[in-house]
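The values are calculated or read from the model by the stated rules, or taken from the named source; none is laboratory data. None of the values given here were measured: they were computed from a predicted structure. Note that we place each Cβ from the backbone using ideal geometry, even for glycine, and neighbour counts take in every protein chain shown.
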Amino acid sequence: MHRPKLLLALALALAIVAFFALDLQRFLHQDYFLARKDAIESWRAVHPWTAAGAFFALYVAIAALSLPGAVPMTLVGGALFGLAQGTVLVSFASSIGATLAFVAARLVLRDWVQARFGDRLEAINDGVRREGAFYLFALRLVPLFPFFVINLVMGLTAIPARTFYGVSQVGMLPGTIAFVYAGTQLGQFRVSAGLFAAFALLGVFPLLARRALNAIKARRLYARWPRPATFDYNLVVIGAGSAGLVSAYIGAATRARVALVERDKMGGDCLNTGCVPSKALIRAATLRSDIARSAEFGIQASAHVDFAQVMERVERTVTAVEPHDSAQRYTALGVECIRGNARLTSPWTVQVDTASGPRTLNTRAIVIATGAQPFVPPIPGVQQIGYLTSETLWELRQLPRRLLVLGGGPIGSELAQAFARLGSQVTQVEMLPRILAREDPEVSAIVAERFGREGIRVLTGHTARQFLSEAGTKVLVAEHQGAQVRIEFDQVLVAVGRAPRTDGLGLEALGIATQRGGTIQTDPFLRTAYPNITVCGDVAGPYQFTHTAAHQAWYAAVNALFGRFRSFRADYRVIPWSTFVDPEVARVGLNEQEARERGVPFEVTVYPMADLDRAIADGATAGFVKVLTRPASDRILGVTIVGAHAGDLLAEYVLAMKQNIGLNRILGTIHVYPTLAEANKNAAGSWRRAQVTLGQWALLQALQAWLRGAGGIGAVLRGLVALVRDRRKAYAPDAQEFS
């Protein structure tokens, strides 16, 4: 921090410390004024301008230093100067003081905050740049946060000081008038109808202001769109994947008239090209791997892979699941299913290009659930060489001899292992230093080690630069530590991520914004700029999981249908996921690297699967259960499980976190023996064991000796002292604490 900023910060800190140290706040209470009311009013009558100036200066100082006392001072202003003069004095003094606090925060802290947290604050900065004045106006009218907090926080953003002052002056005026009027009534030393009216106004003002703001914003948004007198539908859902299906189901269950528009196949990516077919393929690959291990169990067996038949079974699996998501089922539920490409033409109309021609749907609410699609990076030569994605590989009927997998995330890793187990020579290329980079390093290491043993060539830290075809041979040219690496292959699977589907939806015409990464911008209630248009699933983010899409769909559908009565904030506190590699990886909540990045203190407990009886019997000892807890608490912050059926085992911890159940209660719950689920209880036991201190041991040892008659009560008393003083851990750390 530069010297002038440091001096300013020190001066402000000293002023605030002096205020509290000298107990100056007692002079700012209305009781102090009322006790001396006559003397103060007499002095004001003799020196009206001096009194007004002193009051003004004191108010500015209090607001500028963010000291408690603004409300009493406002009441005193009303009692001392009356409604008109008191309003003028308080309005200008509070706005000037707020702006000084704003400028001080900007000078002292803004550069440091933006330098350290700029990436995380980018969305906030962007929002402030786009409509910061309106947002500040809303905060001034509806005081959800103390004004001094708003002053300081806004100083850290990009809003201009002139805009801040002007909006504050106007936005705080209604509240100022109400408080000053209340002060005029207090000054009369009597309970009056006016006093009750003033405080009643203060109580309902935030609600009235919020409703007024919503009405103003809605009118501004919807002004250029003619609103239909009546609607043909209560809800139109665009996209029939997991999010869209659940949204339509909720609408139908509430007896709404619902239309569901899908451009391709019902069930979306999860049913047709994602979760269902990939798990069917992984099941076949796992069986092939188990047969290859048969000698470990005393059985001699071998297997021949008929890849075409494997893919036919995958297709049959999709067909078997298909009725759950079919148009017939949803039609029976009362949903009108329409095949075609949808485009928003107004906040209440959706045009659908069907096989029989365009059709316009007139609706009161819209849910956008168009999902995502594989992202193909613009690597030179990729279009010419030909590539597979997680959507197109299901057309294969011949096993690639040499498969290149571009991407080390969950999709790339799952499919790399599946194809390797079915007989392909697989090379996996990842730009980052390790695969599954969102997980903790030891998780990546366990999976990478297994991949290596199964013959997968894992190349991390390799950046794809160019695809070539040389004499009929396909080649990827990659860069690793400044050197060129050439990788030959027969087929390439591009699995570097997924991009939200927003093209052709007409978002630009309506002014519905998208965020970096392509997801549609929403508020915490999953509403777009238009409250009757909500978004859920992959196109909304921030998670791209089928179960999260279904979770979001409830909020999107309910808020779209009933938001005029009550809205619900989407709850992301407990989001689980699993990567279906072997050993399986499942997680909920924070892992170690995220906790460190966020500065969250934690204690970590690790229980190895190699210690679990059932895992030993099954020959599935790879992996662990890792639990993050608050230090000296059994409250769970996050869990990572690596091992067989990790996704199934995780459910107990998901429930525990959702219902605020700690490790002590998991430890006290009977688990069937021998099962893999015992790993959860054993992890809780490891945590409990790590909490034992040498002081506890000392007390117990003295107590047991006394009970045997081998020790005296003095030793027990000394043990009690040790219990309090000696907090050293009694056991070698299964759990470690980090701050």
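A compact table of results
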read-out: Pick from the range 558-582, criterion assigned to a strand (DSSP E or B) and either over 26 Å from LEU281 (Cβ atoms) or not hydroxyl-bearing (Ser, Thr, Tyr) (or both), ranking: nearest to the chain's Cα centre (by Cα); value: PRO576
read-out: Candidates GLY241, GLY274, GLY298 - the one that is small (Gly, Ala, Ser) and at positive phi; value: GLY298
read-out: Residue ID - surrounded by the fewest Cβ atoms within 10 Å (Cβ to Cβ), chosen from residues in the range 667-686 that are more than 13 Å from LEU612 (Cβ to Cβ) and touching a Gly at 6+ places or on another chain (Cβ under 9 Å); value: LEU667
read-out: Candidates ARG283, ARG227, ARG257, ARG263, filtered to the one that is surrounded by fewer than 24 Cβ atoms within 10 Å (Cβ to Cβ), of a type in the set (Lys, Arg), more than 27 Å from the chain's Cα centre (by Cα) and under 30 Å from ASP306 (Cβ atoms); value: ARG283
read-out: Which listed residue is closer than 16 Å to PRO441 by Cα and out of contact with any strand residue (DSSP E or B) (no Cβ under 6 Å at 6 or more places or on another chain), from ALA622, ALA595, ALA570, ALA586; value: ALA622
read-out: Selection status of ARG106, among the basic types (Lys, Arg), at pLDDT 75 or above and within 38 Å of the chain's Cα centre (by Cα); value: yes
read-out: Residue ID - nearest to LEU393 (Cα to Cα), chosen from residues in the range 295-317 that are outside any helix (DSSP H, G or I) and β-branched (Val, Ile, Thr); value: VAL305
read-out: Candidates LEU396, LEU415, LEU404 - the one that is farther than 19 Å from THR579 by Cα, crowded, with 19+ Cβ neighbours inside 10 Å and in contact (Cβ under 8 Å) with a residue 60 or more places away in the chain; value: LEU404
read-out: Single residue of the range 491-512 satisfying the filter (surrounded by 15 or more Cβ atoms within 10 Å (Cβ to Cβ) and out of contact with any Phe, Trp or Tyr (no Cβ under 9 Å at 6 or more places or on another chain)) that is nearest to LEU436 (Cα to Cα); value: ALA495
read-out: So ARG689, is it touching a Phe, Trp or Tyr at 6+ places or on another chain (Cβ under 7 Å), outside any strand (DSSP E or B), charged (D, E, K, R) and surrounded by fewer than 22 Cβ atoms within 10 Å (Cβ to Cβ); value: yes
read-out: Selection count where residues are of a type in the set (A, V, I, L, M, F, W, C), over 12 Å from VAL639 (Cα atoms) and out of contact with any Ser or Thr (no Cβ under 6 Å at 6 or more places or on another chain), scope the range 569-594; value: 2
read-out: In the range 388-439, the residues that are closer than 21 Å to VAL314 by Cα and basic (Lys, Arg); value: ARG397, ARG401, ARG421
read-out: Odd one out for PHE92, checked against (1) at pLDDT 75 or above; (2) crowded, with 20+ Cβ neighbours inside 10 Å; (3) not aliphatic (A, V, I, L, M); value: (2)
read-out: Number of positions in the range 218-254 that are in contact (Cβ under 8 Å) with a residue 12 or more places away in the chain, part of a loop (DSSP other than H, G, I, E, B) and of a type outside the set (Val, Ile, Thr); value: 9
